[in-house]
Amino acid sequence: MTVKQLTLPELVSKCVELGVRGVGLWREPVRSHGTRATARLVRAAGLSVTTLCRGGFLTATEPAERARALDDNRAAVDEAATLGTDTLVMVSGGLPAGSKDLRGARERVADALAELGPYAAAHGVRLAVEPLHPMYAADRCVVSTLAQALDLAERFPADQVGVAVDTYHVWWDDTAPAQIARAGASGRIHTFQLADWTTPLPEGVLDGRGQIGDGAVDMREWRGYVEAAGYTGPIEVELFNDALWARDGREVLAETVARFVEHAGHR
């Protein structure tokens, strides 16, 4: 998504050129290119798929809508398995129209995870519950903190459900470092993602993730937290940013790699 203006073949080619060994993919472009064709493309280039985004949106109360959501998430698990990634990132979903019941919505997420976790594990895929910044709680994700995400995940085996740690969403939370340690102790950090926090946020706030180094987040500090918790997996950069999308994608990808090395690499 950082360079969604690139086609998948262009993305893979530029990753190889820059020495990027893994790529996190989103379902929409994968489906457009073809899931099996994407798997072949990535594999032939010597890359791995680090995660697939996204599953989730599990808070519906209407039975038919809930059944459709579960079916779509099972399809997402199947796609992840075909791509060869062991991690499906889950964005829980917001409040149903007219509802003010956050606790009830989170319980429906737990109920869905109870159905989806065993299915995912049977396909070699883990579900990574991603907490989103509280500004998204109403419309996109009722899980706002790592503590809330872990309270959900810990109801299930770690090989079924863990968490995603995204700096954009948790950097403000002074309890997050302790929650990262908690997640690491039970092997539940399933992915680690970087994006910076810049202001002012754009209208709609969704596409306001800053390029690494442009904002308020100390990337190296957060990398230290997850590594101290035992995480040794891939680190993704996930930027939703209209200004970056308007530029040449190859240039943006090269810049992002350079920023990662400068701001999140080891000294």
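The values are calculated or read from the model by the stated rules, or taken from the named source; none is laboratory data. Remember, predicted model here, so these are calculated numbers, not experimental data. Every residue, glycine as well, gets a Cβ built from its backbone with ideal geometry; the counts of neighbours run over all protein chains shown. Side chains included, ligands, DNA and RNA excluded: accessible areas come from the protein's heavy atoms. Shrake-Rupley method; radii C 1.70, N 1.55, O 1.52, S 1.80 Å.
I need the full set of residues from the stretch 213-253 which are within 22 Å of residue 25 (Cβ to Cβ), open to solvent by 40 Å² or more (accessible area, probe 1.4 Å) and of a type in the set (Gly, Ala, Ser), in order please.
246
Can you tell me which condition residue 210 does not meet? The list is (1) touching a strand residue (DSSP E or B) at 6+ places or on another chain (Cβ under 6 Å); (2) of a type outside the set (A, V, I, L, M, F, W, C); (3) within 19 Å of residue 26 (Cβ to Cβ), and all the others hold.
Only one criterion is unmet by residue 210, namely (3).
Suppose we filter 103, 108, 68 for residues that are within 24 Å of residue 136 (Cα to Cα), basic (Lys, Arg) and either within 16 Å of the chain's Cα centre (by Cα) or crowded, with 19+ Cβ neighbours inside 10 Å (or both); which single one remains?
108
Out of curiosity, is residue 181 at pLDDT 95 or above and in contact with a strand residue (DSSP E or B) (Cβ under 6 Å, 6 or more places away or on another chain)?
no
Anything in the stretch 153-175 that is aliphatic (A, V, I, L, M) and surrounded by fewer than 21 Cβ atoms within 10 Å (Cβ to Cβ)? List them, or say none. Even if it seems obvious, please write down each step before you answer.
Of the residues in the stretch 153-175, the ones aliphatic (A, V, I, L, M) are 153, 158, 161, 163-165, 170.
Scanning the stretch 153-175 gives a single hit, 158.
Taking the stretch 190-201 only, how many residues are under 13 Å from residue 166 (Cβ atoms) and surrounded by fewer than 20 Cβ atoms within 10 Å (Cβ to Cβ)? Give the steps one after another, and end with the answer.
Kept after step one, since they are under 13 Å from residue 166 (Cβ atoms), are these residues of the stretch 190-201: 190-197.
Then keep just the ones that are surrounded by fewer than 20 Cβ atoms within 10 Å (Cβ to Cβ); that gives 197.
Matching residues across the stretch 190-201 total 1.
Being surrounded by fewer than 21 Cβ atoms within 10 Å (Cβ to Cβ) and at pLDDT below 95 narrows it down to one of 114, 45, 97, 39, so name that one.
The match here is 97.
Output the number of the condition that residue 204 fails; it satisfies all remaining conditions of (1) open to solvent by 50 Å² or more (accessible area, probe 1.4 Å); (2) at pLDDT 95 or above.
Every condition holds for residue 204 apart from (2).
For the stretch 218-251, what are the residues that are under 20 Å from the mean Cα position of the chain (by Cα) and within 10 Å of residue 2 (Cβ to Cβ)?
236, 237, 238, 239, 240, 241, 244, 245
Sort out which residues of the stretch 1-21 are hydroxyl-bearing (Ser, Thr, Tyr) and either free of Cβ contacts under 8 Å to residues at least 60 places away in the same chain or more than 20 Å from residue 239 (Cα to Cα) (or both), and write them in order of number.
Hits for the stretch 1-21 are 7, 13.
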